[in-house]
């Protein structure tokens, strides 16, 4: 599962945290650090990245708890992100090639 998530755009630590939250349900930072065996210093940016990607949500009760979205929603998000990225590259392709060719001409002169 981790390898599949990594191949779909997750960083290694993101995949571990996502799977942990998906299996365990809402967890505090302290619980996640113990469960995934990652320092809080490394975990905070991972949670922030996952939250920014819309893959993990946080809930403030007495302490912040983090929850994972369903794997179906995560895959939909990843597919949409990949399609948008491919579309952006396709749209910019002609301009990028023209700029590259111009740069090559300047270097050859």
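Here is how the numbers come out for the structure above:
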read-out	value
Scan of segment 10-55 for residues that are under 15 Å from residue 73 (Cα atoms), surrounded by fewer than 17 Cβ atoms within 10 Å (Cβ to Cβ) and in contact with a helix residue (DSSP H, G or I) (Cβ under 6 Å, 6 or more places away or on another chain), ordered by number	54
Unmet criterion (only one of (1) under 17 Å from residue 8 (Cβ atoms); (2) out of contact with any helix residue (DSSP H, G or I) (no Cβ under 8 Å at 6 or more places or on another chain)) for residue 74	(2)
Evaluation of residue 45 against (1) at pLDDT 95 or above; (2) part of a strand (DSSP E or B) (one fails), failing number	(2)
Qualifying residue in segment 77-98 (condition: touching a helix residue (DSSP H, G or I) at 6+ places or on another chain (Cβ under 6 Å), surrounded by 12 or more Cβ atoms within 10 Å (Cβ to Cβ), at pLDDT 90 or above and closer than 21 Å to residue 2 by Cβ)	no
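The values are calculated or read from the model by the stated rules, or taken from the named source; none is laboratory data. What you are looking at is a predicted structure, and each value in this text was computed from that prediction instead of being measured. All Cβ positions, even for glycine, are placed from backbone atoms using ideal geometry, and neighbour counts span all protein chains on display.
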